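Heads up, the thing below is written out as structure tokens.
The values are calculated or read from the model by the stated rules, or taken from the named source; none is laboratory data. All of these numbers come straight from a predicted model, not from anything done at the bench. Note that we place each Cβ from the backbone using ideal geometry, even for glycine, and neighbour counts take in every protein chain shown. Accessible surface areas use protein heavy atoms only, side chains included; no ligands, DNA or RNA. Shrake-Rupley method; radii C 1.70, N 1.55, O 1.52, S 1.80 Å.
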Amino acid sequence: MPGPSRREFLLGGAASLAAFAAGSFAAGQAQAADHALTLAGLDHRILPETLTRG
Amino acid sequence: MMSFSPDGPPPVLRFKQGVKTTIDVTNALQEASVVHWHGLRIANRMDGVPYLTQYPIEAGQTFRYAFTPPDAGTFWYHPHCNTLEQMAWGLTGVLVVEEAQDPGFDRDLPLNIRDFRLGGDGQFIDFFKPRNAARGGTYGTVSSVNWQVDPVYDLEAGSLVRLRLAVTDVTRVGAYEIAGAEAQVIALDSNPLPVPLPASGLILAPGQRADIALRVPDDESEEVRLVLNRPNGAKTMARFRPKGSSLHRDLRELKPLPPNPVAEPDLENAEILDFVFGWSPEGDAPQSSQCGSLGYTFWSINRVAWPGDLPGPFDPLARLKLGKSYILRLRNETPNDHPIHLHGVSFKLLRSNKRELPPLVTDTALLRSQETMEVALVADNPGDWAFHCHVIEHQKTGLAGFLRIGD
């Protein structure tokens, strides 16, 4: 789905944004993506034991 | 910490040149974000810059990025919203676009090179100091490769390995070398070199990458090191140990990397555009938004400080006609380094008032102290393209703007 231009973003208001967001979401549900990234917080302990002040 | 994975460091993303890919980015943070694909010449609305190309991805939302990478090479990805904090917490990952034809390596090893700012107790400390942001930037305290300190990689003895160095740090400019083995730099910033360079004295700034062809020694008793030469001494960043009986490979067996399809600028008819990178003429703090502000303005481009990641509208630094060639004259009037990154378009290094420049194609040019550099490009990708310093404190305190290509 082609997204709105920057101008449309800025001038189109909430309706434009909602339509775009809904369209993106629908597209995302229609077909599995090739990749999935999840921006997530991690426990600090993911760092290895060796990670010390250098 | 933050990651692009719920249970580990950011994954290496692998795409194929010329093949469309889709990525669903789900924001499980407590704050907004976006993801920028550094170096990829893709459609503007997929570039991941808040308000300029898309609205921020709110907490809990998913945004689908879809694009076809035209170029092969080593790239990386990171947020462009609350950029300093989110990158400092861990959000930087390596992205590989594979060539259509395998150049003949036995192994491909991406190396995500970055610092973390930790205190003596291993906890995060303040991500920047204002007095440093107004100078060279605030350095991390722990240097890492792939989220490890001095990791050791076992490689087949006598094999050919493609090391993909990606400096994803927010501040550090450093000189790297491969010690203890035959090695050649074969590509910089995702673009193959016409002639390989020695893998020593290789200066890489935030945002820059280098592909190195490593010939692993034959004997298990030997050790290869990736070394970062810093003003206060050399530091081993990673080690590579030969394992097993030698494969007896030779660097000359590798096929040359094909050049990426970047248009050649028409220098005779190119228009010259001037950009001056300097301090801010004012002192007003950028306005805060959901994509954050550091609370200070120190820097400017053409005497204008970026007002912050806001809906705008703002004026571009320059308007470029679609398809036309341009020479950008980049003048650093400060005593500090500024790795200048242009989104969406690659450019060619032409000349400098300070040094000889190789004819490199890049997306991130390191401007040294008081250096003026001329670069050339074809404005062949329409849209509003962010143009900024990749020392993130500089970017977030004014040294940012955008170029508009097309109407």
In nm², what is the average projected area of the convex hull enclosing the Cα atoms of region B:267-405? 7.9
Per-residue ellipticity at 222 nm for the protein assembly as shown, helices alone: DSSP H runs ≥ 4 residues times -39500 (n - 2.57), over residue total, nearest 500 deg cm²/dmol? -2500 deg cm²/dmol
Mean shadow area (nm²) of the C-alpha convex hull around the protein assembly as shown is 21.2
Using the Karplus equation 6.51 cos²θ - 1.76 cosθ + 1.60 (θ = phi - 60°), what ³J(HN,Hα) coupling, rounded to whole Hz, does each residue of region B:84-101 give in order, writing x for Gly and Pro? 4, 5, 5, 5, 4, 6, x, 7, 9, x, 8, 10, 10, 10, 7, 5, 4, 10
Euclidean distance between Cα centres, region B:69-120 to region B:329-392, Å: 20
Dividing the convex hull volume of the alpha carbon atoms of region B:51-195 by its residue count, what do you get in Å³ per residue? 190
Straight-line reach check, B:Lys129, cutoff 15 Å on alpha carbons, 8 or more apart in-chain or any other chain, hits among aspartates and glutamates -> B:Glu85, B:Glu393
Beta bridge orientation in the protein assembly as shown: antiparallel %, DSSP, nearest 5: 75
Return the tail of the calculated pair distribution for chain B, meaning the percent of Cα-Cα pairs more than 38 Å apart. 16
Among B:Ala134, B:Leu95, B:Ala59, whose Cα projects farthest towards the positive end of the dipole of region B:28-150, with charges put on the beta-carbon of Lys, Arg (+1) and Asp, Glu (-1)? B:Ala134
Over region B:175-252, with every protein chain in place, what whole percent of the accessible area is carbon and sulfur at 1.4 Å, could you tell me? 46
Quick one: net charge around B:Ile203, please, counting Lys, Arg +1 and Asp, Glu -1 for every other residue with C-beta under 10 Å from its C-beta. 0
Just the accessible area per residue of region B:299-407, please: how many Å² with a 1.4 Å probe? 34
What pairs from B:Lys20/B:Lys348; B:Lys321/B:Lys354; B:Lys255/B:Lys348 go past 28 Å between their alpha carbons? B:Lys321/B:Lys354
Name the cysteines of the protein assembly as shown that stand alone by the Cβ rule: no other cysteine Cβ under 4.7 angstrom. B:Cys389
14 Å beta-carbon shell around B:Pro130, net charge (K/R +1, D/E -1): +2
Beta bridges per DSSP with both ends in region B:1-125, % antiparallel, nearest 5: 75
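Roughly speaking, to the nearest percent, how much of region B:267-405's 1.4 Å accessible area is carbon and sulfur?
Solvent-exposed carbon and sulfur of region B:267-405 make up 49 percent of the total.
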List, in order, the whole-Hz ³J(HN,Hα) value for each residue of region B:165-181 obtained from phi through the Karplus relation with A = 6.51, B = -1.76, C = 1.60 and θ = phi - 60°; use x for Gly and Pro. 7, 10, 8, 9, 6, 8, 9, 6, 9, x, 10, 10, 8, 9, 10, x, 7
